[in-house]
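Just below is one structure, and these are the notes that go with it.
The values are calculated or read from the model by the stated rules, or taken from the named source; none is laboratory data. As the structure is a prediction and not an experimental result, all values here were calculated from the model. Cβ sites come from the backbone with ideal geometry, for glycine too, and all protein chains shown count toward neighbours. Each accessible area value is taken on the protein alone, full model and side chains, heavy atoms only, with ligands, DNA and RNA left out. Shrake-Rupley method; radii C 1.70, N 1.55, O 1.52, S 1.80 Å.
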Amino acid sequence: MAARIVDSADVSPEATIGDGSSIWHLAQVREGATLGSNCVVGRGAYVGPGVTLGDNCKLQNYALVYEPAVLEDGVFVGPAVVFTNDHYPRAVNPDGTLKSGADWEAVGVTCRTGASIGARSVCVAPVTIGRWALVAAGSVVTKDVPDFALVAGVPARRIRWVGKAGTPLEPGSEPGTWVCPTTGDTYLENNDTLTEA
């Protein structure tokens, strides 16, 4: 199934768009960006040069994904989320000249499989959002997020564990176990990490 790109979207001919993907009004996908199959890029969203999205990713309206971000399969990016890419942002060099691409080194945000980033969150690169992790709306992520962690706040801190369904886990019958109330799946906690049982 061919990709659907609406007329008002700005998609570089040097971008790769997977089968079944949809790019909506006023979205911009830059040169060298790669989108897998069945991705959705919402109204006004921005995908920078060389950004990579796996299959089945969703970028909601006005999400800004700056290079060199990498999103694995099934990543959700909520409305107005920002992925930064500069350690020390400045418009000018110390001598007052306008900075160019050669005057700084881009750093990226990595989102592992199934991760979700809530509306208006900011991920300050370089950070990695773990598999199936959930970043609460309005959070500012300044350090790596473990797999299955629910983080919230400014700066974001882990407040719960979540399963693949996204719902907070409940303590299991055995110490160090957690159970998803939606799927019934069991997870094991060890040294502040969570794995599937």
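One line per residue, one yes/no per condition, for (1) more than 23 Å from the chain's Cα centre (by Cα); (2) under 24 Å from Ala80 (Cβ atoms); (3) among the basic types (Lys, Arg):
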{"position": "Gly138", "(1), (2), (3)": "no, yes, no"}
{"position": "Pro146", "(1), (2), (3)": "no, no, no"}
{"position": "Leu150", "(1), (2), (3)": "no, yes, no"}
{"position": "Ala156", "(1), (2), (3)": "no, yes, no"}
{"position": "Ile159", "(1), (2), (3)": "no, yes, no"}
{"position": "Ala165", "(1), (2), (3)": "no, no, no"}
{"position": "Gly172", "(1), (2), (3)": "yes, no, no"}
{"position": "Val179", "(1), (2), (3)": "yes, no, no"}
{"position": "Thr186", "(1), (2), (3)": "yes, no, no"}
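Every residue, every condition in (1) at pLDDT below 95; (2) open to solvent by 30 Å² or more (accessible area, probe 1.4 Å); (3) farther than 30 Å from Leu169 by Cβ, yes or no:
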residue: Phe83; (1), (2), (3): no, no, no
residue: Pro89; (1), (2), (3): yes, yes, yes
residue: Asp103; (1), (2), (3): yes, yes, yes
residue: Gly118; (1), (2), (3): no, no, no
residue: Leu134; (1), (2), (3): no, yes, no
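Yes/no matrix, rows are residues, columns are (1) of a type outside the set (Lys, Arg); (2) at pLDDT below 95; (3) assigned to a strand (DSSP E or B); (4) in contact with a helix residue (DSSP H, G or I) (Cβ under 9 Å, 6 or more places away or on another chain):
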position	(1), (2), (3), (4)
Arg158	no, no, yes, no
Trp161	yes, no, yes, no
Ala165	yes, no, no, no
Trp178	yes, no, yes, no
Pro181	yes, no, no, no
Gly184	yes, no, no, no
Tyr187	yes, no, yes, no
Leu194	yes, no, yes, no
Quiz prompt | Positions within the range 167-176 being open to solvent by less than 100 Å² (accessible area, probe 1.4 Å), part of a loop (DSSP other than H, G, I, E, B) and either among the β-branched types (Val, Ile, Thr) or without any contact (Cβ under 8 Å) to a residue 12 or more places away in the chain (or both), in sequence order | solution = Thr167
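Each row is one residue, and each column tells you yes or no for (1) small (Gly, Ala, Ser); (2) touching a Cys at 6+ places or on another chain (Cβ under 9 Å).
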{"site": "Gly118", "(1), (2)": "yes, no"}
{"site": "Pro126", "(1), (2)": "no, no"}
{"site": "Ala133", "(1), (2)": "yes, yes"}
{"site": "Asp144", "(1), (2)": "no, no"}
{"site": "Phe148", "(1), (2)": "no, no"}
{"site": "Gly153", "(1), (2)": "yes, no"}
{"site": "Ser173", "(1), (2)": "yes, no"}
{"site": "Cys180", "(1), (2)": "no, no"}
Self-check item: Residues that are buried (at least 16 other Cβ atoms within 10 Å of the Cβ) and part of a loop (DSSP other than H, G, I, E, B), drawn from the range 8-25
Solution: Ala9, Ala15, Gly18, Gly20, Ser21, Trp24
Quiz prompt | Flag if Val127 is open to solvent by 30 Å² or more (accessible area, probe 1.4 Å) and closer than 15 Å to Val109 by Cα | solution = no
Quiz item: Which condition breaks for Val154 when tested against (1) aliphatic (A, V, I, L, M); (2) surrounded by 17 or more Cβ atoms within 10 Å (Cβ to Cβ); (3) closer than 21 Å to Asp192 by Cα?
Solution: (2)
Exercise. Working only within the range 1-25, note down all residues that are of a type in the set (Ser, Thr, Tyr), over 14 Å from Asn56 (Cβ atoms) and under 21 Å from the mean Cα position of the chain (by Cα).
Key: Thr16
Self-check item: All positions within the range 30-49 that are out of contact with any strand residue (DSSP E or B) (no Cβ under 8 Å at 6 or more places or on another chain) and open to solvent by 30 Å² or more (accessible area, probe 1.4 Å)
Solution: Glu31, Gly32, Ser37, Asn38, Arg43, Pro49
